[in-house]
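In what follows, a structure is listed as structure tokens, so that the remarks can point back to it.
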Amino acid sequence: MADLISNLAGITSPNPFWLASAPPTNSGYQVQRAFEAGWGGAVWKTLGEPIMNSTSRFAALHFNGKRVAGFNNIELISDRPLDVNLREIADTKKRFPNHAIVASLMVEPKQEKWHEIVKRVEAVGVDGLELNFGCPHGMAERGMGSASGQVPALVEQQTAWVKEVATTPVIVKLTPNITDITATAEAAAQGGADAISLINTINSLAGVDIDTWQTIPNVDGLGTHGGYCGPAVKPIALHMLGDCARHPNVDIPISGIGGIATWQDAVQFLLMGASNVQVCTAAMHHGFRIVEDLLDGLSAYLEEKGLASVQDLVGQSVHRYSEWGNLNLNHQVVARINQDVCINCNKCHISCEDTAHQCIGRYTDENGAPYLKVDEDECVGCNLCSIVCPVEGAIAMVPKPNGLPPMSWNERQAAIAND
């Protein structure tokens, strides 16, 4: 059996699946139950100055029959007294010494505030700290969370303040609500961070009730923006993870977060450079025991690939992620329809005809049976037909040799400049 032990900047855990800082890690009761279920680590729900939460707090986007394709919340950091949280962290660490417990922290951008909470939290035996520069709502209006996380200078300064007193690894959690996340990732590294985690939630409004005209959610008739997460954000998270993982000045480990719901999702994050993954929405949707499927799936995958350790996956796809200007413009693929599998529903024809390049024709054979065929000379290989096709294996995208040498846009421009 492959070794699943995870190591993020020196923080080890029995496996790479951590619960993210969020409602599932609000108390010792929850975190201990999660560890009993099989989770390798937990980032405790963010600690800071006492706050008040509102009701209601959560909303979800259901799409085309799928429940919780996206999830929105306006909940803030822990509303439980700091002393209570610290006592429960100490008790949990005592019961589960081999599991990772990381404390998520958020305080005002003042040196003495960071020093005070770091010392208090580390005194109870946490394995690491995660600085919450990501939450986009409630605390940001008070100068914390993403309000700090959107300003590279503040990220660097506050990280440096924490490093002045911290004795455990420091992880900086980044907000996706910024034009270029590598700017804040680089600032965290310059501030001395031992690792970064991303992404936190995305600014959002879940919806509007078309009967009452109230926003979803609303508090006594008034709504506000919240943080969006869940499966719908995974492509955004993967992009930002890949950008940070290949950035030359962000040479520190990364904890991947954002829409991870299956072991296949986790493998994708690991391949794109994450040393471990953090999960929230999937646990809120299905409960702690989903970790059993995550562990079984990952173990079977590693065995199938002949890999001895989960660490062998980390970053293996990063070199395959680049700028558009480096893509080979002479590479060509075309769609090809398997007539033995195609059910002639015409979805590919309609999509291609109305919204793509008009290269799938409808024909009738000698027996009067309808069939669809791609004009490969006109096909630009956009993939749309294979995406909308409801039958697995009916449309394949296949390479079409054209005899041209590889050439990217950057190479083309360089050749023109040198003429």
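Descriptive notes on the structure:
- Test: residue in the range 231-245 that is open to solvent by 10 Å² or more (accessible area, probe 1.4 Å), at pLDDT 95 or above, closer than 27 Å to S54 by Cβ and not small (G, A, S): yes
- Candidates in the range 116-133 are the residues that are free of Cβ contacts under 8 Å to residues at least 40 places away in the same chain and among the aliphatic types (A, V, I, L, M); of these, the one that is surrounded by the fewest Cβ atoms within 10 Å (Cβ to Cβ) is A123.
- Looking at the range 134-227, the helices (runs of 4 or more DSSP H) lying wholly inside it that each contain 2 or more residues that are among the β-branched types (V, I, T) and in contact (Cβ under 8 Å) with a residue 40 or more places away in the chain sit at 152-165, 181-190.
- Lone unmet requirement of (1) surrounded by fewer than 21 Cβ atoms within 10 Å (Cβ to Cβ); (2) closer than 21 Å to H137 by Cα; (3) among the aliphatic types (A, V, I, L, M) for A185: (1)
- Close contacts from the range 330-344, counting a first residue that is at positive phi and of a type outside the set (D, E) and a second that is surrounded by 13 or more Cβ atoms within 10 Å (Cβ to Cβ) and outside any loop (DSSP other than H, G, I, E, B), with Cβ to Cβ under 8 Å and a gap of 6+ residues or different chains, come to N344/Y371; N344/L372.
- Of all residues in the range 268-277, none are part of a strand (DSSP E or B), of a type in the set (G, A, S) and buried (at least 22 other Cβ atoms within 10 Å of the Cβ).
- Conditions (1) free of Cβ contacts under 8 Å to residues at least 12 places away in the same chain; (2) in contact with a helix residue (DSSP H, G or I) (Cβ under 7 Å, 6 or more places away or on another chain): number failed by H239: (2)
- For the criterion of being closer than 29 Å to M272 by Cα and small (G, A, S), G381 passes.
- Any hit, the range 399-417, residues being touching a Ser or Thr at 6+ places or on another chain (Cβ under 9 Å), touching a residue at least 60 places away in the same chain (Cβ under 8 Å) and open to solvent by 50 Å² or more (accessible area, probe 1.4 Å): no
The values are calculated or read from the model by the stated rules, or taken from the named source; none is laboratory data. Because the structure is a prediction, the values reported are computed rather than measured. Neighbour counts are summed over all protein chains in view; Cβ atoms, including those assigned to glycine, are modelled from backbone coordinates with ideal geometry. Heavy atoms of the whole protein, side chains included, go into the accessibility calculation; ligands, DNA and RNA do not. Shrake-Rupley method; radii C 1.70, N 1.55, O 1.52, S 1.80 Å.
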